[in-house]
Amino acid sequence: MTADILRDKFLAFFKARKHKIIDSDSLVPKDDPTVLFTPAGMNQFKKEFLGFDSGFKRAATAQRCLRTDDLDKVGKTSAHHTFFEMLGNFSFGDYFKPEAIAWAWEFLTKELGIDQSKLWVSVYQDDDDAYNIWKDQVGIPEKKIVRLGDKDNFWPAEAKTKGPNGPCGPCSEIFYDFGVNIGCGRPDCSPACSCGRFVEIWNLVFTQFNRKEDGSLEPLPNKNIDTGMGLERLTAVMQGKQNNFETELFQPIIKEIQRSVEVEPRDNQKFLYAIADHLRAVVFSIYDGILPSNEGRGYVVRKIIRKAILHLNNLGIKDPFFYRLVDIMVEVMRNPYPDLTGRQEEIVQVVLAEEKNFLNALGSSAELFKSKFTGFIKEPNPLAVGNIAFLLHDTYGIPLELTRQWLDEQGISFSQEAFEQAMQEQKARSKSGSVMKGDVFGSKGLEIKVKASKFMGYQENSVKANILAILKDGKEVYEVVAQDSLQIVLDQTTFYAESGGQVGDTGKIINGKNVFEVTDTQKIDNVVLHIGKISSGTFKKGDQVTAQIDLERRQNIARNHTATHILQAALRQVLGNHVQQQGSLVTEEKFRFDFTHFKGLSQDEIARVEEIANRYINNDYAVGCREMAFKEAKKTGALAFFEEKYGECVRVVSIGDVSRELCGGTHIANARDISLIKITGESSVASGVRRIEGVTAVFARKFIEHSQAKAIEEARKKSKLEEQKAQDKKRSVEIIKQLPAKSIELSEKSVTINGINAVFSVEHNLDMNALRLLVDMIKGKLTHAAIALGSQDGVKASLVVGLTADLCAKGLSAKNIITVVAPLIGGSGGGRDDFAQAGGNAPENFGLAFDKIKDIINKL
């Protein structure tokens with residue numbers, strides 16, 4: 001029985017038992033800061049477990065999950081994975097232990113036909129209810145019911161003694177017995193033994209307690225069911241295999257690798273298994289919008305890619321290869337995830353880029369080693385070397401063996417203990433990112449019970465409403481006065497709460513002369529919070545008010561939001577359909593749009609995108625908004641943003657026939673109302689993600705006017721500069737024409753000092769080049785000559801010294817002379833023996849400089 005069949009059977013089984021079938025959530029947990037990735041099926045139902053009414057009490061899912069706390073074990077065991085699918089059924093205050101246990105047994109033994117003699121169960125050591133249900137209602141022999149303690153059969157593990165606080169409870173696990181010939185062979189072997197004979201296939205969690213701050217457990221008023229069954233493990237059991245990697249979920253990938261390696265697969269099986277596992281994790285991470293980067297989730301994805309590449313290196317594959325496996329993996333998962341095919345090329349390109357970069361890093365590792373370790377040759381520090389070696393391993397993925405080899409060649413001492421300690425600390429940090437922090441459900445939402453706000457802002461700009469609650473500093477208050485900073489909750493509102501990249505509305509809440517200035521709008525649990533201050537009067541709970549948005553600001557925001565949709569359509573036309581939204585910001589003044597693409601846009605591409613976007617605007621396309629079922633919307637080709645979590649009913653925004661997207665934001669009625677789109681910037685956000693910034697309408701015109709004014713000013717400055725250069729050139733030509741006559745004049749005024757013909761003069765308006773030419777001309781007319789000329793331009797002093805060749809032959813040096821006298825004119829200089837120059841800021845001291853030169857000549 002294949003994994004696809006098992007997945008379908010599980011969901012159909014619980015659908016028949018009145019469970020709502022919910023699509024898998026993203027690997028990116030939305031509004032859940034307690035975990036880095038989605039680690040279990042229950043994560044998307046945290047609000048329901050806390051009592052939030054989503055319209056259903058029973059649910060079932062096939063949830064894609066990612067866990068990295070056992071990353072180094074992947075490939076070395078038969079069942080450790082980073083990415084896996086978890087089948088789960090859930091009850092939110094509806095059915096409890098009897099139904100959960102009975103249905104689990106029925107599904108395994110009747111629906112799947114597993115031999116009952118092959119199944120054992122465990123229960124929590126104090127859970128007599130579960131024990132008796134298994135024994136009396138299901139009929140399992142007592143010897144096959146094992147009682148286990150806090151670590152194995154309580155959720156979260158050891159929560160009773162160690163926390164976290166919040167909902168918790170005992171659990172019961174169902175095990176498959178591979179038989180007495182597997183494992184330790186002891187007659188008393190049971191699911192409590194880790195020898196491999198028994199494999200857990202289903203965990204039933206009975207959430208019946210609330211752990212309080214003092215560690216006590218109080219019964220929950222509404223008891224919940226949370227179950228999880230690994231699809232990969234169930235598939236292996238159903239196919240009679242002891243190893244998950246021997247199923248059709250992994251074998252096509254493994255066989256493709258085997259075709260490309262020359263080593264015996266048996267000796268390298270752990271590498272094959274790890275690569276196949278890592279490929280699934282990487283593909284689905286990118287599919288869910290997690291791109292490789294140097295921080296957060298992206299860092300984990302980059303690390304997994306690099307581990308796979310190192311495993312390929314161990315198999316003898318040194319060139320880019322990992323990316324070639326993406327197509328095979330997409331084909332394996334095509335039935336449950338048909339959207340993968342549309343993202344296939346994008347995923348290939350992201351993996352290929354990462355693979356090339358890492359292989360280049362490995363190729364240049366020697367240079368990296370030199371920059372990091374050379375200083376330790378003269379000053380040994382084994383502990384520091386061990387820590388740096390770990391950083392290279394953790395950040396760049398460079399194998400320790402490669403680092404050790406280079407260190408040994410250089411004779412640099414290394415501490416294995418320091419490396420191992422840094423490794424353990426990183427593992428602890430990684431594990432803490434995969435488990436729940438603080439209270440079990442982390443985000444608590446509002447501390448008051450209030451019904452969801454009805455949003456009227458698609459149709460209306462103002463609406464009559466009643467105040468349901470007023471919050472100050474997070475606490476409910478009943479009457480407030482001017483200047484208080486507050487949050488007001490209304491039963492209905494026209495104010496759009498920040499979401500989907502669009503900022504929240506501003507405006508006023510009015511009751512006669514009483515005015516509340518709304519400066520922001522946010523939303524928690526579908527309750528809209530109007531944030532601001534009372535500018536006049538008072539407000540109290542129960543008041544009837546008018547909620548009135550800032551209409552002009554809303555229209556500007558709507559223009560920019562519609563512009564992002566048009567921009568995406570233009571980008572896809574110019575760059576290709578791999579373009580997918582990765583994030584956005586829509587404000588009154590501007591918009592920002594992040595999208596997948598693998599290199600910067602050229603000026604021609606930017607101009608083309610802008611041209612197409614404005615053509616769409618000029619085509620007078622109507623903007624339509626329509627609600628429909630999510631699956632129906634997907635069939636129409638509507639684009640969805642990866643970070644958003646969509647319900648069954650979604651809002652589709654279409655712009656003519658050029659754009660169709662799922663979107664809950666506010667939009668204009670016709671594309672022509674945008675008037676104009678102007679792209680103001682294009683940049684990189686992360687590996688494979690580009691960002692375009694832009695403006696519309698009056699802001700676009702202002703930007704163009706400002707740009708044109710700036711260009712005119714720059715052109716004026718450039719023209720003025722060129723004009724000045726032309727005048728300077730003309731003046732320079734005129735001055736140079738006068739130099740021959742000036743050289744004769746100065747030659748005739750030379751004086752004899754200690755047998756040397758000396759020329760001293762300050763000439764105005766001569767630059768350094770003219771002074772040099774004048775020196776050369778004088779040297780051509782005199783022998784045995786020393787020439788010192790100065791020129792002043794404001795406070796700038798220029799001084800040159802020239803010597804004829806016969807003086808240089810006798811050991812006199814213009815360079816030495818200028819070094820001595822340059823400080824007298826407030827500067828410094830240098831040059832050759834026959835010519836040297838200096839610049840300074842004390843032209844009034846030319847006389848002192850000349851006197852010093854005369855003194856030098858007199859002392860020869």
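The values are calculated or read from the model by the stated rules, or taken from the named source; none is laboratory data. Given the structure is predicted, the values throughout are model-derived calculations rather than measurements. Don't worry about glycine lacking a Cβ; one is built from the backbone with ideal geometry, like all the others, and counts go over all protein chains shown. Heavy atoms of the whole protein, side chains included, go into the accessibility calculation; ligands, DNA and RNA do not. Shrake-Rupley method; radii C 1.70, N 1.55, O 1.52, S 1.80 Å.
A few remarks follow.
- Residues that are outside any loop (DSSP other than H, G, I, E, B) and free of Cβ contacts under 8 Å to residues at least 24 places away in the same chain were ranked within region 585-610; the one that is nearest to Ser683 (Cα to Cα) is Gln603.
- Of all residues assigned to region 237-255, none qualifies as being open to solvent by 30 Å² or more (accessible area, probe 1.4 Å) and among the hydroxyl-bearing types (Ser, Thr, Tyr).
- The condition of being at pLDDT below 95 and either closer than 16 Å to Val515 by Cβ or in a strand (DSSP E or B) (or both) holds for only one of Leu446, Leu486, that being Leu486.
- Filtering region 3-21 to residues that are surrounded by fewer than 17 Cβ atoms within 10 Å (Cβ to Cβ) and either under 19 Å from Ile201 (Cβ atoms) or not basic (Lys, Arg) (or both) leaves Ile5, Asp8, Lys9, Ala12, Ala16, Ile21.
- Every residue from region 663-690 that is modelled with pLDDT of 95 or more, charged (D, E, K, R) and surrounded by 19 or more Cβ atoms within 10 Å (Cβ to Cβ): Lys678
- Qualifying residue in region 153-160 (condition: touching a Pro at 6+ places or on another chain (Cβ under 8 Å), open to solvent by 20 Å² or more (accessible area, probe 1.4 Å) and in a strand (DSSP E or B)): yes
- Residues in region 537-574 that are open to solvent by 30 Å² or more (accessible area, probe 1.4 Å) and closer than 13 Å to Asp505 by Cα: Gln548, Asp550, Leu551, Glu552, Arg553, Gln555.
- Candidate set from region 271-291 (those that are of a type in the set (Phe, Trp, Tyr) and within 20 Å of the chain's Cα centre (by Cα)); member that is most open to solvent (accessible area, probe 1.4 Å): Tyr287
- Residue satisfying condition, being open to solvent by 50 Å² or more (accessible area, probe 1.4 Å), at negative phi and under 22 Å from the mean Cα position of the chain (by Cα), within set Arg615, Arg660, Arg592, Arg626: Arg592
- Only one of Pro187, Pro167 that is in a strand (DSSP E or B), out of contact with any Gly (no Cβ under 7 Å at 6 or more places or on another chain) and open to solvent by 10 Å² or more (accessible area, probe 1.4 Å): Pro167
- Check on Val695, among the β-branched types (Val, Ile, Thr) and at pLDDT below 90: no
- Residue check for Lys781: in a loop (DSSP other than H, G, I, E, B), out of contact with any Gly (no Cβ under 9 Å at 6 or more places or on another chain) and either of a type outside the set (Gly, Ala, Ser) or surrounded by 18 or more Cβ atoms within 10 Å (Cβ to Cβ) (or both): yes
- Restricted to helices (runs of 4 or more DSSP H) entirely inside region 24-139, those with at least 2 residues that are open to solvent by 20 Å² or more (accessible area, probe 1.4 Å) and modelled with pLDDT under 90 are 46-49.
- On the stretch given as region 292-316, residues that are open to solvent by 20 Å² or more (accessible area, probe 1.4 Å) and either under 25 Å from Glu331 (Cβ atoms) or assigned to a helix (DSSP H, G or I) (or both) total 12.
- Selection status of Leu773, open to solvent by 10 Å² or more (accessible area, probe 1.4 Å) and part of a loop (DSSP other than H, G, I, E, B): no
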